[in-house]
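Participant: Before anything else, here's the structure in question.
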Amino acid sequence: MLQIQNLCKTFHKNTVNEKVVFQNFSLRIQKGDFITIIGSNGAGKSTLLNLISGSLEADEGQVFLKGSDIGKEPEYKRCRWIGRVFQDPYKSTAPSMTIIENLSMAQNKKKPFNLTPGVTSSLIPQWRETLASLALGLEDQMNTKVGLLSGGQRQALALVMATMAEPDILLLDEHTASLDPKTSERIVELTENIIAQQQITTLMVTHNLNHAISMGNRLLMLHKGEVLFDIQGEEKQQLTMEKLFHYFEEAQSEDLVSDRLLFS
(Lines give C-alpha, C1' and ligand atoms only; values in the text may rest on other atoms or scores of the structure.)
Protein backbone atom coordinates (compact mmCIF):
# COMPACT_ATOMS: atom_id res chain seq x y z
CA MET A 1 0.00 0.00 0.00
CA LEU A 2 2.56 2.57 1.21
CA GLN A 3 6.25 1.87 0.97
CA ILE A 4 9.03 4.19 2.09
CA GLN A 5 12.53 3.36 0.86
CA ASN A 6 15.84 4.81 2.06
CA LEU A 7 14.33 8.14 3.08
CA CYS A 8 16.83 10.81 4.14
CA LYS A 9 16.08 14.20 5.68
CA THR A 10 18.48 16.67 7.27
CA PHE A 11 17.55 20.13 8.52
CA HIS A 12 19.99 23.10 8.40
CA LYS A 13 22.50 21.06 6.41
CA ASN A 14 26.13 22.20 6.57
CA THR A 15 25.49 24.60 9.45
CA VAL A 16 26.20 24.43 13.19
CA ASN A 17 22.51 23.62 13.66
CA GLU A 18 22.54 20.60 11.34
CA LYS A 19 20.11 17.92 12.46
CA VAL A 20 19.82 14.56 10.76
CA VAL A 21 16.26 13.27 11.25
CA PHE A 22 16.16 10.31 8.85
CA GLN A 23 19.03 8.40 7.30
CA ASN A 24 18.04 5.58 4.92
CA PHE A 25 14.69 5.11 6.67
CA SER A 26 12.43 2.40 5.25
CA LEU A 27 8.91 1.33 6.20
CA ARG A 28 6.19 -0.81 4.62
CA ILE A 29 2.53 -0.21 5.44
CA GLN A 30 -0.18 -2.66 4.39
CA LYS A 31 -3.63 -1.68 3.14
CA GLY A 32 -6.00 -1.34 6.11
CA ASP A 33 -3.24 -0.84 8.69
CA PHE A 34 -4.13 1.54 11.51
CA ILE A 35 -0.75 2.48 12.97
CA THR A 36 -0.23 4.50 16.12
CA ILE A 37 3.17 6.21 16.34
CA ILE A 38 4.88 7.22 19.58
CA GLY A 39 8.36 8.40 20.50
CA SER A 40 10.44 11.04 22.20
CA ASN A 41 10.42 14.68 21.18
CA GLY A 42 12.46 15.06 18.00
CA ALA A 43 12.14 11.38 17.10
CA GLY A 44 10.83 12.25 13.65
CA LYS A 45 7.11 11.49 14.10
CA SER A 46 5.63 14.65 12.57
CA THR A 47 8.50 14.90 10.08
CA LEU A 48 7.57 11.45 8.79
CA LEU A 49 3.99 12.57 8.17
CA ASN A 50 5.26 15.76 6.50
CA LEU A 51 7.45 13.73 4.15
CA ILE A 52 4.59 11.39 3.26
CA SER A 53 2.16 14.26 2.64
CA GLY A 54 4.66 16.30 0.66
CA SER A 55 4.70 19.34 2.93
CA LEU A 56 8.42 18.55 3.32
CA GLU A 57 10.66 17.37 0.50
CA ALA A 58 12.99 14.46 1.23
CA ASP A 59 16.69 14.86 0.51
CA GLU A 60 16.81 11.32 -0.84
CA GLY A 61 14.63 8.24 -0.98
CA GLN A 62 11.31 7.21 -2.44
CA VAL A 63 7.68 7.11 -1.32
CA PHE A 64 5.48 4.60 -3.14
CA LEU A 65 1.69 4.61 -2.87
CA LYS A 66 -0.06 1.63 -4.45
CA GLY A 67 3.05 0.98 -6.51
CA SER A 68 3.46 4.53 -7.85
CA ASP A 69 6.35 6.74 -6.76
CA ILE A 70 4.78 9.93 -5.38
CA GLY A 71 7.98 11.19 -3.78
CA LYS A 72 8.42 13.95 -6.35
CA GLU A 73 4.78 14.97 -6.47
CA PRO A 74 3.97 18.35 -4.83
CA GLU A 75 1.73 18.44 -1.77
CA TYR A 76 -1.30 19.79 -3.65
CA LYS A 77 -1.26 16.70 -5.89
CA ARG A 78 -0.65 14.22 -3.07
CA CYS A 79 -3.70 15.55 -1.22
CA ARG A 80 -5.84 13.77 -3.82
CA TRP A 81 -4.78 10.50 -2.20
CA ILE A 82 -3.84 11.62 1.31
CA GLY A 83 -6.10 13.11 4.00
CA ARG A 84 -4.62 14.85 7.02
CA VAL A 85 -5.75 16.28 10.34
CA PHE A 86 -3.37 18.46 12.37
CA GLN A 87 -3.14 19.20 16.08
CA ASP A 88 -4.31 22.73 15.29
CA PRO A 89 -7.77 22.51 13.66
CA TYR A 90 -7.21 25.87 11.97
CA LYS A 91 -4.66 24.11 9.73
CA SER A 92 -7.25 21.57 8.57
CA THR A 93 -10.14 23.97 7.95
CA ALA A 94 -10.78 27.47 6.56
CA PRO A 95 -11.89 29.44 9.68
CA SER A 96 -13.27 32.41 7.72
CA MET A 97 -15.56 30.18 5.66
CA THR A 98 -18.80 28.51 6.72
CA ILE A 99 -19.24 24.82 7.48
CA ILE A 100 -21.02 24.35 4.15
CA GLU A 101 -18.20 26.06 2.26
CA ASN A 102 -15.57 23.95 4.04
CA LEU A 103 -17.45 20.73 3.28
CA SER A 104 -17.83 21.77 -0.34
CA MET A 105 -14.07 22.27 -0.68
CA ALA A 106 -13.45 18.83 0.80
CA GLN A 107 -16.08 17.23 -1.44
CA ASN A 108 -14.46 18.68 -4.57
CA LYS A 109 -10.93 17.75 -3.54
CA LYS A 110 -10.31 15.23 -6.32
CA LYS A 111 -12.26 17.06 -9.01
CA PRO A 112 -10.69 19.26 -11.71
CA PHE A 113 -10.99 23.03 -11.46
CA ASN A 114 -13.71 24.47 -13.68
CA LEU A 115 -16.54 26.98 -13.73
CA THR A 116 -19.06 25.06 -11.63
CA PRO A 117 -20.89 26.18 -8.48
CA GLY A 118 -18.72 26.15 -5.38
CA VAL A 119 -21.47 24.62 -3.26
CA THR A 120 -23.58 21.74 -4.54
CA SER A 121 -26.92 22.33 -2.85
CA SER A 122 -28.14 18.80 -3.56
CA LEU A 123 -25.47 17.46 -1.20
CA ILE A 124 -26.46 19.62 1.77
CA PRO A 125 -29.03 17.12 3.16
CA GLN A 126 -26.35 14.40 3.03
CA TRP A 127 -23.84 16.66 4.79
CA ARG A 128 -26.41 17.56 7.41
CA GLU A 129 -27.02 13.87 8.10
CA THR A 130 -23.28 13.21 8.38
CA LEU A 131 -22.83 16.08 10.83
CA ALA A 132 -25.86 14.98 12.86
CA SER A 133 -24.20 11.59 13.39
CA LEU A 134 -21.37 13.37 15.22
CA ALA A 135 -23.81 14.52 17.93
CA LEU A 136 -22.04 17.87 18.28
CA GLY A 137 -24.79 20.15 16.98
CA LEU A 138 -22.94 21.01 13.78
CA GLU A 139 -25.94 20.15 11.59
CA ASP A 140 -27.71 23.24 13.00
CA GLN A 141 -24.76 25.54 12.26
CA MET A 142 -24.20 24.90 8.56
CA ASN A 143 -23.92 28.62 7.77
CA THR A 144 -21.70 29.41 10.76
CA LYS A 145 -18.09 30.36 10.13
CA VAL A 146 -15.78 27.60 11.31
CA GLY A 147 -13.68 30.05 13.32
CA LEU A 148 -16.64 30.49 15.70
CA LEU A 149 -16.86 26.78 16.55
CA SER A 150 -15.35 25.16 19.63
CA GLY A 151 -12.06 23.28 19.34
CA GLY A 152 -13.79 19.91 19.47
CA GLN A 153 -16.34 20.91 16.82
CA ARG A 154 -13.60 22.18 14.52
CA GLN A 155 -11.58 19.00 14.93
CA ALA A 156 -14.60 16.79 14.29
CA LEU A 157 -15.31 18.80 11.15
CA ALA A 158 -11.66 18.51 10.10
CA LEU A 159 -11.87 14.74 10.50
CA VAL A 160 -15.00 14.55 8.35
CA MET A 161 -13.43 16.79 5.70
CA ALA A 162 -10.22 14.74 5.59
CA THR A 163 -12.16 11.54 4.87
CA MET A 164 -14.95 12.82 2.59
CA ALA A 165 -13.00 12.18 -0.61
CA GLU A 166 -12.14 8.63 0.52
CA PRO A 167 -8.35 9.03 0.74
CA ASP A 168 -5.98 6.10 0.38
CA ILE A 169 -4.04 7.25 3.44
CA LEU A 170 -5.16 9.24 6.50
CA LEU A 171 -2.51 11.08 8.54
CA LEU A 172 -3.44 12.17 12.07
CA ASP A 173 -0.82 14.39 13.71
CA GLU A 174 -1.66 14.54 17.45
CA HIS A 175 -5.17 15.58 16.45
CA THR A 176 -6.53 15.36 20.01
CA ALA A 177 -3.58 16.93 21.84
CA SER A 178 -5.05 20.45 22.10
CA LEU A 179 -8.46 19.30 23.37
CA ASP A 180 -9.74 18.83 26.91
CA PRO A 181 -9.91 15.18 28.09
CA LYS A 182 -13.67 14.76 27.55
CA THR A 183 -13.61 16.26 24.06
CA SER A 184 -10.46 14.31 23.24
CA GLU A 185 -12.18 11.02 24.01
CA ARG A 186 -15.14 12.01 21.84
CA ILE A 187 -12.83 12.77 18.90
CA VAL A 188 -11.02 9.46 19.48
CA GLU A 189 -14.37 7.66 19.33
CA LEU A 190 -15.30 9.45 16.09
CA THR A 191 -11.87 8.65 14.66
CA GLU A 192 -12.22 4.94 15.32
CA ASN A 193 -15.75 4.87 13.90
CA ILE A 194 -14.84 6.67 10.67
CA ILE A 195 -11.70 4.59 10.09
CA ALA A 196 -13.58 1.35 10.75
CA GLN A 197 -16.47 2.30 8.47
CA GLN A 198 -14.28 3.41 5.57
CA GLN A 199 -11.41 0.97 6.16
CA ILE A 200 -8.87 3.77 5.70
CA THR A 201 -5.17 3.01 6.04
CA THR A 202 -4.13 5.35 8.86
CA LEU A 203 -1.01 6.67 10.60
CA MET A 204 -1.70 8.44 13.90
CA VAL A 205 0.98 10.26 15.90
CA THR A 206 0.12 10.49 19.58
CA HIS A 207 1.72 11.18 22.97
CA ASN A 208 -1.18 9.46 24.72
CA LEU A 209 0.01 5.95 25.51
CA ASN A 210 -3.50 4.74 26.32
CA HIS A 211 -4.63 5.70 22.82
CA ALA A 212 -1.50 4.17 21.31
CA ILE A 213 -2.30 0.85 23.00
CA SER A 214 -6.06 0.72 22.50
CA MET A 215 -6.28 2.07 18.94
CA GLY A 216 -5.19 0.42 15.72
CA ASN A 217 -3.58 -2.90 14.85
CA ARG A 218 0.04 -1.77 14.89
CA LEU A 219 2.25 0.44 17.07
CA LEU A 220 5.55 2.02 16.05
CA MET A 221 8.00 3.59 18.45
CA LEU A 222 10.39 6.01 16.75
CA HIS A 223 13.67 7.25 18.18
CA LYS A 224 16.29 9.32 16.37
CA GLY A 225 14.74 8.57 13.01
CA GLU A 226 14.60 4.80 13.48
CA VAL A 227 11.85 2.33 14.30
CA LEU A 228 12.79 1.11 17.76
CA PHE A 229 9.79 -1.21 18.11
CA ASP A 230 7.13 -2.39 15.65
CA ILE A 231 4.37 -4.11 17.63
CA GLN A 232 1.56 -5.71 15.66
CA GLY A 233 -0.78 -8.66 15.39
CA GLU A 234 -1.50 -10.67 18.51
CA GLU A 235 1.31 -8.92 20.38
CA LYS A 236 -0.43 -5.57 19.78
CA GLN A 237 -3.80 -6.98 20.89
CA GLN A 238 -2.30 -8.18 24.16
CA LEU A 239 -0.25 -5.04 24.76
CA THR A 240 -0.70 -3.41 28.17
CA MET A 241 0.72 -0.28 29.74
CA GLU A 242 2.98 -2.46 31.88
CA LYS A 243 4.38 -4.22 28.82
CA LEU A 244 4.87 -0.90 27.01
CA PHE A 245 6.77 0.50 30.00
CA HIS A 246 8.93 -2.61 29.82
CA TYR A 247 9.81 -1.74 26.22
CA PHE A 248 10.75 1.76 27.38
CA GLU A 249 12.94 0.32 30.13
CA GLU A 250 14.74 -1.90 27.62
CA ALA A 251 15.36 1.08 25.39
CA GLN A 252 16.54 3.25 28.27
CA SER A 253 18.94 0.56 29.42
CA GLU A 254 20.57 0.83 26.00
CA ASP A 255 20.58 4.63 26.27
CA LEU A 256 18.35 4.98 23.20
CA VAL A 257 15.34 6.87 24.50
CA SER A 258 15.35 10.49 25.55
CA ASP A 259 14.34 11.39 29.11
CA ARG A 260 11.87 13.83 27.53
CA LEU A 261 9.43 11.11 26.47
CA LEU A 262 5.95 12.25 27.49
CA PHE A 263 3.79 9.84 29.48
CA SER A 264 0.44 11.58 29.07
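Participant: Normalised radius of gyration for the chain, please: alpha carbon Rg relative to 2.2 N^0.38 Å, two decimal places.
Facilitator: In units of the globular-protein estimate, the chain measures up at 1.04.
Participant: Shifting gears a bit: Just to confirm the number: angle between the C-alpha axis of helix 181-198 and the first principal axis of the chain, 0 to 90 degrees, nearest 10?
Facilitator: Taking the Cα atoms of the chain, the angle to 181-198 is about 80 degrees.
Participant: Next question. Summarise the accessible area of the range 123-170 (1.4 Å probe, protein heavy atoms) by the percent that is carbon and sulfur.
Facilitator: Roughly 48 percent, rounded to a whole number.
Participant: Now for a different question. Give the share of C-alpha pairs in each 10 angstrom bin for the range 125-264, from 0 to the last occupied bin, in whole percents, shortest bins first.
Facilitator: With a bin width of 10 Å, the distribution comes to 10, 37, 31, 16, 6, 1.
Participant: Hey, another quick one. If you average 1/r over every pair of different alpha-carbon atoms in the range 181-257 and take one over that average, what Kirkwood value in Å do you get?
Facilitator: 13.8
Participant: Computed FRET efficiency, Cβ-Cβ of Lys109 and Glu18, R0 51 Å: what is it to the nearest 0.05?
Facilitator: Here the calculated transfer efficiency is 0.90.
Participant: Taking all protein chains as present, what is the carbon and sulfur share of the accessible area of the range 1-121, in % to the nearest whole number, probe 1.4 Å?
Facilitator: 49
Participant: Okay, next question. Between helix 151-164 and the chain, what is the angle of the helix's C-alpha long axis to the longest principal axis, kept within 0 to 90° and rounded to the nearest 10?
Facilitator: Taking the Cα atoms of the chain, the angle to 151-164 is about 90 degrees.
Participant: Okay, next question. Given the chain, what percent of its DSSP beta bridges are antiparallel, to the nearest 5?
Facilitator: Bridges in the chain are about 55 percent antiparallel.
Participant: If you roll a 1.4 Å probe over the heavy atoms of the protein chains, what accessible area per residue do you get for the chain, in Å²?
Facilitator: So the chain comes to 51 Å² accessible per residue, rounded to a whole number.
The values are calculated or read from the model by the stated rules, or taken from the named source; none is laboratory data. This is a predicted model, so every value here is computed, not measured. Cβ: placed from backbone, ideal geometry, glycine included. Neighbour counts: every protein chain shown. Side chains included, ligands, DNA and RNA excluded: accessible areas come from the protein's heavy atoms. Shrake-Rupley method; radii C 1.70, N 1.55, O 1.52, S 1.80 Å.
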